[in-house]
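The values are calculated or read from the model by the stated rules, or taken from the named source; none is laboratory data. Everything numeric here is computed off the predicted structure, so don't read it as measured data. Every residue, glycine as well, gets a Cβ built from its backbone with ideal geometry; the counts of neighbours run over all protein chains shown. Side chains included, ligands, DNA and RNA excluded: accessible areas come from the protein's heavy atoms. Shrake-Rupley method; radii C 1.70, N 1.55, O 1.52, S 1.80 Å.
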Amino acid sequence: MLTYEPDETVAHALDPRAKLAFQVAFAVAAISRPALAPLGVLSLLALGVLLSANLSPPRVLFGYRYPFGILCLSVLIAAVTIGPPWIDLADGVRTAHAAYGVGLVLLVSAAYVRSTPVRHSRAAIQSLVPGTPGRLLGIGVSLVFRFVPVLRRDIGTIRDAMAARLGTERSATERAVVLSSRGLTRAFVRADRLSVALQARCFAWNPTLPPLSFARADGLVLLLSVVLVTVPLW
Amino acid sequence: MSTDHEYDSVALVPESIVRPFARAALLAALTGAVAFVSIPIPFSPAPLTLQVLFVFLAGLYLGPVWGSVSLLLYLTAGGAGAPIFAGGHAGIGHLFGKTGGFLWSYPIAAFVIGALVHGRTGFGFGSIDPTADETPSGGFFDSLEVRDPATVGLGRLVVALSVGTLIVYAIGAGYAMWLLSLSPVEAVAQFVAPFVIGEVLKMAATIALVRDGRYELS
Amino acid sequence: MIEYDTVSFAYGDTPVLDSVSATIDDGEFVVLVGPNGSGKTTLLRHANGLLAPDSGTVRVNGRAVDEDVVAARTAVGMVFQHPRDQFVAATVGSDVAFGPENLGLDRSEIDDRVERALEAVNLQGRTTDRIDELSGGEQARVAIAGALAMEPTHLVLDEPFTGLDRPSRQSVHAQLRALSRDGTSIVVSTHAPGSVADLADRIVVMGDGRLVHDGTPDELPDPSLSDVFDAGSVG
């Protein structure tokens, strides 16, 4: 699975704020169903982005086989019509065109995921979202990263316990009830302990923010983002 | 060693915010932790996934304000790279992708479910306890009250969950329709129809969980 | 110095602390013993303002806790049971930095403190390690480092040995002994004192919200307390 990995690539060295701006701009450009020429440029750009994070394009495509499979399914469903001539090629092509752009956005965001540690994302959020909402969002994101593996283990334990007690004979609804009620109970117990620890550690509205530095390369990325946002107007 | 008067500028986050905030963050993490769980349903083309069930629970147990904060945290953390979207995926691309509409609908649905179930008290107006002071002192977050969903009437629960589900599917399928140039029929065929059985079961599961009082809010 | 002056506290209608008075001096190593439900956790949580007394006062380094909660929370570092649930970040360095960041210190000062705190628990150079992949004992030590990064005069540990295996427990013991030698006052609460009692300058025994005994380890065990110690002979 695609997650952050420490490395010294171009993408790793960029400021997370520039990377966030670029992704959003790229998404705006790619899902606006641009003409073939700009779409070609975007494709090359996406390829460049992957390489800048030292990601192998075939590997990423393989990792995204399910989302891409569903996109292909959409194209198929769009192409099929009820009644003759059964296949509406133009309709299918229109959806394929859109789906291609969506695929490119996924590739670009893969590079962000690979090249950006949580503390950078947290710093970016806190510098982009002002005041208390930014503070809660930043720490909240950090907490989600921290607790996903812990809670995933909890869920695994509950499933095992359920299976041990003839769990497979229960109905789907019953299993959902047991899994979610026990999962929620455990999560809230942990949350209450966490909230005590947060207070003991002086959880404050006005902390020292993690350091970020905006370099010349980041300026270029930002400039490129501005250009990308204008693609729908072309 | 530290001496006093050093940290006069430190503005502590009050307990009335830290506690529900920690719960919101852990519910977000839990919603992500169940991204891998899928329970097969007989005669249904799609298995039962638990994400939307936790959207329900966020509105029910955290109320409209913290429930929607919880799912906003889920989206932000997933966008920032936590492997918590369906199938363990991550990244901003998924927020714009074909199922992006579903993701964006989560905080909205949690908010609406919370609002329908908890009413005015969920927004800090009035109090669950009729004998309590009508105007609680302190800030906005101090005045928020979330009643135990087990005490909520069945009709109200069914309405709230149905409206929440409609919001999820309207925004989810609507966005996919726009994004991929699909006709309404095509969008429903791919993004709604396969999940109908699962959604009904999820609502039943949520109501069973809530009414059962297996989970006690304290 | 932590001073409890006739502190009483109740959760709703359930009295938990009954007019407790006690003093913990700078540099002292105190072990607080008592069965579950005797009020140990409640007593400790008054030392940094997590709980406020119904009557009586708590002073830290001469100042009432409710007058300056931040001062109390920096002076009294607290480590709770279940270290896993008190981390705020996925990696060691980010987590230990959380406290100093909240104090608004300069980045260079924060980095220094993180380094010193990790050194003090023998985890130097491990800032980028994922907390989730550490052993139970290492996690307990990271939690201690998180408290030490606030540079407290007192380090309070509430049931720190629960769920730790023997080697982990011993590694935590060793850290506590070293910290104590360096002048930090340490308070450990436990229902199962075991060998941590050997480290103590003083042993305080609680029962039903009162202090039942307060003295040097030599004066113990009072025969009436032997069951407390038997239950806790964990080595």
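Using only the Cα atoms of region A:1-74, each taken as one equal point scatterer with no solvent, compute I(q) by the Debye sum, divide by I(0), and report log10 of the ratio at q = 0.11, 0.14, 0.26 Å⁻¹.
Once normalised to I(0) and log-transformed, intensities are -0.34, -0.55, -1.38.
How do the peptides B:57-68, A:5-16 rank, highest first, by the average count of neighbouring beta carbon atoms within 10 Å per residue? Could you put the intermediate results ahead of the total?
Numbers: B:57-68: 27.7, A:5-16: 16.4.
Highest-to-lowest ranking by the protection proxy: B:57-68, A:5-16.
Heavy atoms only, probe 1.4 Å: what % of the accessible area of chain C goes to carbon and sulfur, would you let me know? Intermediate results must be reported in sequence, preceding the final value.
Working: 4090 of 9170 Å².
Carbon-and-sulfur percentage of accessible area, whole number: 45.
Taking amide H positions as placed in the peptide plane 1.01 Å from N, state which residues far from C:MET78 in sequence (5 or more) or on other chains have amide H under 5 Å from it.
C:VAL156
More than 23 Å apart: what percent of Cα pairs in chain A qualify?
Working: 17509 of 27261 pairs.
Counting every Cα pair in chain A, those more than 23 Å apart make up 64 percent.
Counting only protein heavy atoms and a 1.4 Å probe, tell me what percentage of region A:124-200's accessible area is made up of carbon and sulfur.
Working: 1590 of 2770 Å².
The computed percentage sits at 58.
Taking the Cα atoms of chain B, what is the range of coordinates along each of the three principal axes, in descending order and whole Å?
The principal-axis extents, from largest down, are 64, 45, 29 Å.
Ignore the peptide's own chain and count Cβ atoms of other chains within 10 Å of each Cβ in B:181-192; give me the average, rounded.
Average per residue, whole number: 4.
Between region C:144-194 and region A:156-234, what is the C-alpha centre distance in whole Å?
The two parts, judged by their Cα centres, are 31 Å apart.
Considering all projection directions equally, how large on average is the shadow of the alpha-carbon convex hull of chain C, in square nanometres? Walk me through the intermediate numbers first.
Values: hull surface 49.1 nm².
Its average projected convex-hull area is 12.3 nm².
Report, in cubic angstrom per residue, the convex hull volume of the C-alpha atoms of the protein assembly as shown. Let's see the in-between values first.
Numbers: hull volume 116.3 nm³, N = 687.
Per residue, the Cα convex hull of the protein assembly as shown comes to 169 Å³.
Express in whole angstrom the spacing between the alpha-carbon centres of region A:10-85 and region B:153-204.
The two parts, judged by their Cα centres, are 26 Å apart.
How large a share of the accessible area of chain B, in percent, is made up of carbon and sulfur atoms when the probe is 1.4 Å and the other protein chains stay in place?
Of the solvent-accessible surface of chain B, carbon and sulfur hold 67 percent.
From the helices alone, meaning DSSP H stretches of at least four residues, give me the mean residue ellipticity at 222 nm for chain B, per-run term -39500 (n - 2.57), in deg cm²/dmol to the nearest 500.
Numbers: 8 runs with 127 residues, N = 218.
Roughly -19500 deg cm²/dmol at 222 nm, from the helical runs in chain B.
Interface A/B, total buried accessible area with a 1.4 Å probe, nearest 100 Å²?
Numbers: alone 14900 and 11770 Å², together 20480 Å².
Answer for the A-B pair: about 6200 Å² buried.
For region A:124-200, compute the orientation-averaged projected area of the C-alpha convex hull (one quarter of its surface), in nm².
6.6
Find the centroid of the Cα atoms in region C:94-123 and in region C:44-58, then give the distance between the two in whole Å.
For region C:94-123 versus region C:44-58, the Cα centre distance is 27 Å.
What accessible area per residue comes out for chain B, rounded to a whole number of Å², with a 1.4 Å probe? Walk me through the intermediate numbers first.
Working: 8160 Å² over 218 residues.
Per residue, chain B has 37 Å² of solvent-accessible surface.
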